[in-house]
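Working notes for the structure below.
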Amino acid sequence: MSARSVFEIIGPVMIGPSSSHTAGAVRIGNIARAVLGEDFRRAEITLYGSFAKTYRGHGTDRALVAGLLGMSDDDCRIRDALNIAATLGLEIRFRLAKGEEFHPNTADIELTGVSGKRIFLRGSSVGGGNVLITRINQYEVSVWAKNPTLMVEHVDRPGVIGRVAGVLGNNGINITEMRLTGSNREGEKLMVIEMDRAVPDKVVETITGLPDVTAVIGI
Amino acid sequence: MRRKITISELVAAAEQRGCPIWQVVLEREARLQGTERKNIWQKMKEYWMVMKESLDVGIKPGNRSLSGLVGEEGTMLTRYMEKAKPLSGYGSVLAAAKAIGVAVVNASQGRIVAAPTAGSCGILPAVLSTVAEEIGAAEDAVISALFTAAGVGMVIDEHAGTAGAKSGCQAECGSASCMAAVAAAEMAGGTPRQAANAGALSLKNFLGLVCDPVAGLVEIPCVKRNAIGAGVALLAADMALAGIESKIPLDEVIQAMKDIGDAIPASLKETSLAGLAVTPTAREIEKRMNELEER
Ligand code: SF4
């Protein structure tokens, strides 16, 4: 490591006790919230590895819930997140995974939204507040979510990818990386597209309306 | 490629121009980032505001970690100072109170500024605020001192790293105490050379210090290492200001820290597999924590 700025030495401003347990966990919660795309009413969270071992002491439980509530990683209310969720009448359950080993700091999140919509997400905190999402619903992915990322669920037919890329290109958005991943269901695929800048809602709507596109998630 | 800076270059640059180290660091930052000095100064000032907030919360009653393993030590020390004449001097105890307070704020999921890490975040703000109080320095002097400290931290980061998981606690609390010692000595009117000596005198005392947190939490021994790290920084600054030199220059101490860090086994680098983390008492604490987690 070599610091390129004084603020890598003095800084960042952060919520303790450690960026992998707090900032990383908040980020995983934020992403789960974005994937759900609406407010949640129920969350079932399974913790693995060191997340499971010391989640209370590190406040990982509070940080994950803070992320689900939409707080940012420097929000002073993170440590009150469980109380805030309780006051809002949200149902939250934690489960500790035993014996199953994923990344040391991993959480599975099952969310039920206010409309009854359900999603599943598996994310790991990989240090310094960075995260890696390895599963979204039925798809195995590897999403770092450092850059704006769009996930486009679609029917596996010729032409879909070109249409999506076309819409982005026409709106001046540069794709920096794109991967395809399949699920166990025949003909169903997910495009994970990383871009150099965030996608305006209008563009997301256009992509959602394209033929053979079944769902679009932006994070 | 950018060349790695050294302490001796920072000192030489300051001496040549007859300016303090902080000015050299601030100008270098402006050059590297391609922005104006006043923007960088402003950002550091904002960071200092956050540090001040954490210092305030730190010594208030009720400042306890999430686990409850540590808490209110800052308050205990300030109360003690009101009643007794501290053996190690008013300044050291005040700095220790502030440092441990901030470290507990971190352990309570409060807001802090990593300096250089979250685990060692109490030392630098505590030392600078204590020195400012003792010599009656204005806020600008503290912000300047933060640049001096950051410059030293950058050198350490380039040559050795500042992560406990890579080099042990010498790289966290040791680096913080070293940075604080240099900044404190300069703030109190020391020459760049004296300031560098203060850093060397401090860091030498942390060489070999391993990272062995109990139950994997940034609490035991971390918060107390912050308190004592602050005290060491002040004493090292005093020694340097008295004219004592470190026979081994700071650049070489930093290199030694790197070599020692490489030689420290993984069990003593944040993995909680040895050292204090496996003492009978630590095991007992860990067991209690696990029961709590599973409830
Ligand atoms: S013991 Fe380890 S975790 Fe604690 S402050 Fe030192 S380096 Fe950080």
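What is the one condition in (1) on the phi > 0 side of the Ramachandran plot; (2) away from chain A (no Cβ under 13 Å); (3) within 16 Å of the ligand (Cβ to nearest atom) that B:GLN109 does not satisfy?
(2)
Among the residues of region A:145-200, which ones are among the aliphatic types (A, V, I, L, M), over 22 Å from the mean Cα position of the chain (by Cα) and open to solvent by less than 60 Å² (accessible area, probe 1.4 Å)?
Residues satisfying the conditions are A:VAL155, A:VAL160, A:ALA165, A:VAL167.
What pairs come out if I take residues in region B:207-221 that are farther than 14 Å from A:THR54 by Cα and of a type in the set (Phe, Trp, Tyr) and pair them with residues that are more than 9 Å from the ligand (Cβ to nearest atom) and open to solvent by 10 Å² or more (accessible area, probe 1.4 Å) whose C-beta lies under 8 Å away, six or more apart or interchain?
none
Tell me which residues, restricted to region A:206-219, are surrounded by 12 or more Cβ atoms within 10 Å (Cβ to Cβ) and more than 17 Å from the chain's Cα centre (by Cα).
Matches in region A:206-219: A:THR206, A:ILE207, A:THR208, A:LEU210, A:ASP212, A:VAL213, A:THR214.
Quick one: is B:VAL232 within 14 Å of chain A (Cβ to nearest Cβ) and at pLDDT 95 or above?
So B:VAL232 does not fit the description; no.
From the list B:ALA115, B:ALA132, B:ALA180, which residue is farther than 24 Å from B:ARG17 by Cα and either within 16 Å of the ligand (Cβ to nearest atom) or not in a helix (DSSP H, G or I) (or both)?
On inspection, the qualifying residue turns out to be B:ALA115.
Keeping to region B:53-80, report how many residues are more than 12 Å from chain A (Cβ to nearest Cβ), in a helix (DSSP H, G or I) and open to solvent by less than 80 Å² (accessible area, probe 1.4 Å).
The qualifying residues number 6.
Could you name every one of the helices (runs of 4 or more DSSP H) located completely within region B:189-295 that has at least 3 residues being within 14 Å of the ligand (Cβ to nearest atom) and within 16 Å of the chain's Cα centre (by Cα)?
Where helices (runs of 4 or more DSSP H) fall fully within region B:189-295 and carry at least 3 residues being within 14 Å of the ligand (Cβ to nearest atom) and within 16 Å of the chain's Cα centre (by Cα), they are B:222-241.
Which ranges mark the strands (runs of 3 or more DSSP E) fully within region A:143-219 that have 3 or more residues being free of Cβ contacts under 8 Å to residues at least 40 places away in the same chain?
Because the criterion is at least 3 residues that are free of Cβ contacts under 8 Å to residues at least 40 places away in the same chain, the strands (runs of 3 or more DSSP E) in region A:143-219 that meet it are A:175-182.
Count, please, the residues in region A:89-118 that happen to be of a type in the set (Val, Ile, Thr) and surrounded by fewer than 20 Cβ atoms within 10 Å (Cβ to Cβ).
The total comes to 3.
With a cut-off of at least 2 residues that are at pLDDT 95 or above and more than 25 Å from B:ASP157 (Cβ to Cβ), name the helices (runs of 4 or more DSSP H) lying wholly within region A:2-96.
A:23-36, A:60-68, A:81-87
How many of the residues making up region B:263-277 are more than 14 Å from chain A (Cβ to nearest Cβ), open to solvent by 30 Å² or more (accessible area, probe 1.4 Å) and touching a residue at least 40 places away in the same chain (Cβ under 8 Å)?
3
The values are calculated or read from the model by the stated rules, or taken from the named source; none is laboratory data. Keep in mind that what you see is a predicted model, and the values were worked out from it rather than measured. We place every Cβ from the backbone using ideal geometry, glycine too, and count neighbours over all the protein chains shown. For accessibility, only protein heavy atoms count, side chains too; no ligands or nucleic acids. Shrake-Rupley method; radii C 1.70, N 1.55, O 1.52, S 1.80 Å.
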